[in-house]
Amino acid sequence: MNLKGRDFLKLLDFTADEIGYLIDLSAELKDKKKKGIPHKLCEGKNIALIFEKTSTRTRCSFEVAAYDLGMNATFLDPSASQIGKKESIADTARVLSSIYDGIEYRGYGQEIVEELAEYSKVPVWNGLTNEFHPTQIIADLLTIKEKFGHLKGINFVYMGDARYNMGNSLMVGCAKMGLNFTACCPEKYFPDKALIAECQKIAAESGSVLRFETDTAKAVQGADVIYTDVWVSMGEPEQVWQERIEELSPYQVNSRLMESTGKDTTIFMHCLPAFHDLKTTVGREMGEKFGRADMEVTDEVFESGASVVFDEAENRMHAIKAIIAATLG
Ligand code: CP
Ligand code: NVA
């Protein structure tokens, strides 16, 4: 498998074999890290990390992965650089790719990271856009494989806003890798029709079944994985909270929902950060305003034995390391 020189912008650009290779390489590098076996596969290289939105997991994962691979990383905060304000994405790409061996970008529209890649001479990795979050999906698939031993035929249910980065990318990842994918939410939160059509074609080849459900009981029957994400994503206006709470509350992941899968092996997943209590500034502010103690998931489920959210978070680093090592070499 040779992915050297490839950008990592969205999973649609990769075959099932290539995605499978990245998942396996993540597991191999995780094992090496646990055993203390050095793996400085990119010694002497340098990478730039551009974050136009905030991050804990993705930034730390890119930085630690870079150091473990023998590289240096520069964090660029757009508020303290020329990006966007005084220098276009195309010019930034040409400047950074003459200095660095790879560039990570987290920001708004997918077209921005695509433009960055078009003008960059070195690999560009998507660290989250409004539309896609592909490094998260490699970590999520690794986590599912660790828990169940396989991916094909796993019943995966996504609850909540399925038309944003997580719903979109998980649908693509499941379709590619043969997991059955169900989006469960009001119809207006279903993924984009064109993306669904593209995924249906991919699913026909992989054997995956894609379903779009408004009824929670029907959706979760037989689920192996129940996944959710925040109801309001980074960059969205505060005014949408009320509507989201009203429309997505019936799709909250709570114990009743987890118990109605008919399986006692169902796991709970979330890309994090999550609003499961009032211990954050936004969680407390919105919780008090709307009289709630939690949002997309209850604290009970989040803290339960079924929850694998911290395994997922750890796997972000191993997955990102694999993506960097595979594309930089
Ligand atoms: N899941 C995820 O991307 O987390 P961060 O926003 O903290 O990077
Ligand atoms: N949908 C979330 C994902 C965070 C990892 C957001 O974009 O804020």
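With N denoting the number of residues in the stretch 81-130, provide Rg(C-alpha) divided by 2.2 N^0.38 Å, to two decimal places. Don't jump to the answer; show the numbers that get you there.
On the way: Rg = 9.8 Å, N = 50, 2.2 N^0.38 = 9.7 Å.
Dividing the Cα radius of gyration by 2.2 N^0.38 Å gives 1.01.
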Under 16 Å Cα to Cα from residue 86, which aspartates and glutamates show up? Leave out anything in the same chain fewer than 8 places away. 52, 77
Alpha-carbon centroids, the stretch 76-123 and the stretch 216-265: separation in whole Å: 35
Cross-link partners among lysines for residue 145, C-alpha distance below 24 Å, same-chain residues fewer than 8 apart left out? 10, 30, 32, 33, 34, 35, 176, 201, 263, 321
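Which of the three applies to the chain, rounded, prolate or oblate, going by the alpha-carbon gyration tensor with a ≥ b ≥ c and a/c under 1.5 meaning rounded? Write out the running numbers ahead of the final one.
On the way: a/c = 1.64, a/b = 1.36, b/c = 1.21.
Note, shape of the chain comes out prolate.
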Report P(r) for the stretch 55-157: all Cα-Cα distances, bin width 10 Å, range 0 to the bin holding the largest distance, values in whole percent. 13, 40, 30, 12, 4
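I need the shape label for the stretch 189-264. Rule: rounded when a/c is under 1.5, else prolate if a/b > b/c, else oblate, with a, b, c from the alpha carbon gyration tensor. Display every interim value, and only then the final one.
Working: a/c = 2.48, a/b = 1.16, b/c = 2.14.
Oblate.
Net charge near residue 129, counting Lys/Arg +1 and Asp/Glu -1 over other residues with Cβ under 11 Å of its Cβ? All intermediate terms of the calculation are to be shown ahead of the outcome.
Numbers: positive: 10, 53, 106; negative: 52, 111, 114, 131.
Here the count lands on -1.
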On C-alpha positions alone, give me the angle between the axis of helix 193-206 and the longest principal axis of the chain, in degrees, nearest 10. 90
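Quick one, can you get me the convex hull of the C-alpha atoms of the stretch 1-81 expressed as volume per residue in Å³? Let's see the in-between values first.
Values: hull volume 9.8 nm³, N = 81.
Taking the convex hull of the Cα positions in the stretch 1-81, it is 121 Å³ per residue.
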Output for the stretch 3-81: GluC sites (Glu not before Pro) sitting in coil per DSSP, at most 15 other Cβ within 10 Å, listed by number, reads 43
Relative to the longest principal Cα axis of the chain, at what angle does helix 134-148 sit, 0 to 90 degrees, rounded to 10? 60
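Net charge near residue 95, counting Lys/Arg +1 and Asp/Glu -1 over other residues with Cβ under 13 Å of its Cβ?
Values: positive: 86, 94, 121; negative: 87, 91.
Overall, the nearby charge balance is +1.
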How about the stretch 156-207: which chymotrypsin sites (Phe, Trp or Tyr not before Pro) there are in a DSSP loop, with at most 12 other Cβ atoms within 10 Å of their Cβ? none
In nm², the average projected area of the convex hull spanned by the Cα atoms of the stretch 123-168 is 4.0
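For the stretch 129-234, what is Rg from Cα atoms divided by 2.2 N^0.38 Å, rounded to two decimals?
On the way: Rg = 12.4 Å, N = 106, 2.2 N^0.38 = 12.9 Å.
The value comes to 0.96.
What is the diffusion coefficient of the stretch 175-307 in µm²/s, taking the Kirkwood radius over Cα pairs and the Stokes-Einstein relation at 4 °C with a viscosity of 1.567 mPa s?
On the way: Rh = 15.9 Å.
It comes out at roughly 81 µm²/s.
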Carbon/sulfur accessible area of the chain, % of total, 1.4 Å probe, equals 50
Where a ≥ b ≥ c are the square roots of the eigenvalues of the C-alpha gyration tensor, would you call the stretch 230-329 rounded, which needs a/c under 1.5, or, failing that, prolate if a/b is larger than b/c, or oblate? oblate
Cα-based helix-to-principal-axis angle, 110-119 vs the chain, degrees rounded to 10: 20
Test of understanding: what is the full-extension gain from residue 85 to residue 300, defined as 0.36 nm times their sequence separation minus their Cα-Cα distance? 73.0 nm
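Over the chain, give the accessible area per residue in Å² for a 1.4 Å probe, as an integer.
Values: 13610 Å² over 329 residues.
That works out to 41 Å² per residue.
Rounded to the nearest 500 deg cm²/dmol, what is the calculated helix-only ellipticity per residue at 222 nm for the chain, with -39500 (n - 2.57) per DSSP H run of length n ≥ 4?
Working: 13 runs with 148 residues, N = 329.
The per-residue figure over the chain is -14000 deg cm²/dmol.
The values are calculated or read from the model by the stated rules, or taken from the named source; none is laboratory data. Computed from a prediction, not measured in an experiment: that's the story for all the values here. Neighbour counts run over all protein chains shown; Cβ positions are idealised from the backbone, glycine included. Side chains are part of the model used for accessible areas, which takes the heavy atoms of the whole protein and leaves out ligands, DNA and RNA. Shrake-Rupley method; radii C 1.70, N 1.55, O 1.52, S 1.80 Å.
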